[in-house]
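Below is one structure; the comments refer to it alone.
Just so it is clear, none of the values below were taken in a lab; they were calculated from the coordinates. Because the structure is predicted, anything quoted here is derived from the model rather than measured. In this analysis, Cβ positions are derived from the backbone assuming ideal geometry, glycine residues included, and neighbour counts consider all displayed protein chains.
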Amino acid sequence: MEFSDIESDLTEILFTEDEIHAKLAELARRIEADYAGTKPLLVGVLRGAVMVMADLARELTIPIEMDWMAVSSYGSGTQSSGVVRILKDLDTDLHGRHVIIVEDIIDSGLTLSWLRGNLATRGAESVEIVALLRKPDAAKVEVDVKYEGFQIPNAFVIGYGLDYAEQYRNLRGIGVLAPHVYS
Ligand code: PRP
């Protein structure tokens, strides 16, 4: 899906597919250098991280493995509470592994803060985070993100895995959703 397919649903285009791919290539070069000689386990957080995982993993020139988690935050509406429930757990034993959590977006930071702590208790050698987007103004907890793509304003963003009511995940780029869609 292109921006032109949903033009009236957007107020702003933030990043094109090319800009996203260029940023992921930058992050991949750093990851390759940092993890040379190892085989990190990329842990994707369903469902938003699917596109980031697919493109970042293929950009990397070092061997990697992939696994997936699905988590759900207890809370009302769009507000996450920091209490996280695991809906789908990893299939991989983390003992001695270098883990890189792959996320599409960090909003409050509550999900990742919990997830990093959870994975760290499973015997991983290291746990780092790659996140394509971060909203600094929405942070409720500080999360140390080693590989950060873009900082964005505290707006409702969609595309490239990010949804509104499960729609727009297949938009190639990332844009700001028009209020008339969700109000
Ligand atoms: C999004 C995103 C992160 C989380 C970030 O997932 O993928 O996992 O929210 O929010 P936080 O920093 O406030 O915790 P979401 O719960 O929307 O599920 P999805 O990935 O299936 O769309």
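Quick check: residue separation of residue 59 and residue 144 times 0.36 nm, minus the Cα distance between them. What number comes out in nm? Mind showing how you got there, number by number?
On the way: separation 85, 0.36 × 85 = 30.60 nm, distance 2.33 nm.
Contour length minus Cα-Cα distance gives 28.3 nm.
Evaluated over the chain, the count of Lys pairs having alpha-carbon atoms less than 21 Å apart is 4 (only pairs 8 or more residues apart or interchain). Prolate is the label for region 137-178. Its Cα gyration tensor axes, ordered a ≥ b ≥ c, give a/c of at least 1.5 and a/b above b/c. Largest first, the three principal axis extents of the alpha carbons in the chain are 49, 36, 26 Å in whole numbers.
If you take every residue apart from residue 30 with its C-beta less than 13 Å away from the C-beta of residue 30, what net charge results, scoring Lys and Arg +1 and Asp and Glu -1? If you can, show how the numbers build up before the last one.
Values: positive: 23, 29, 146; negative: 26, 32, 34, 59, 128, 148.
For residues surrounding residue 30, the net value is -3.
Annotation: peptides 103-109, 56-62, ranked by per-residue average of other Cβ atoms within 10 Å with the highest first, follow the order 103-109, 56-62. Taking a label point 7 Å from the Cα of residue 67 along the Cα→Cβ vector, which residues of region 107-127 have an amide N closer than 15 Å to it? Residues 115-127 fall inside that zone.
Computed packing ranks the peptides 84-95, 154-165 as 154-165, 84-95, most packed first, by mean other Cβ atoms within 10 Å. Applying 1/(1 + (r/R0)^6) with R0 = 22 Å to the Cβ-Cβ distance of residue 180 and residue 1 gives a FRET efficiency near 0.70. Relative to the longest principal axis of the Cα atoms of the chain, the long axis of helix 17-34 lies at roughly 20 degrees. Take every DSSP beta bridge whose two residues both sit in the chain; close to 35 percent of them are antiparallel.
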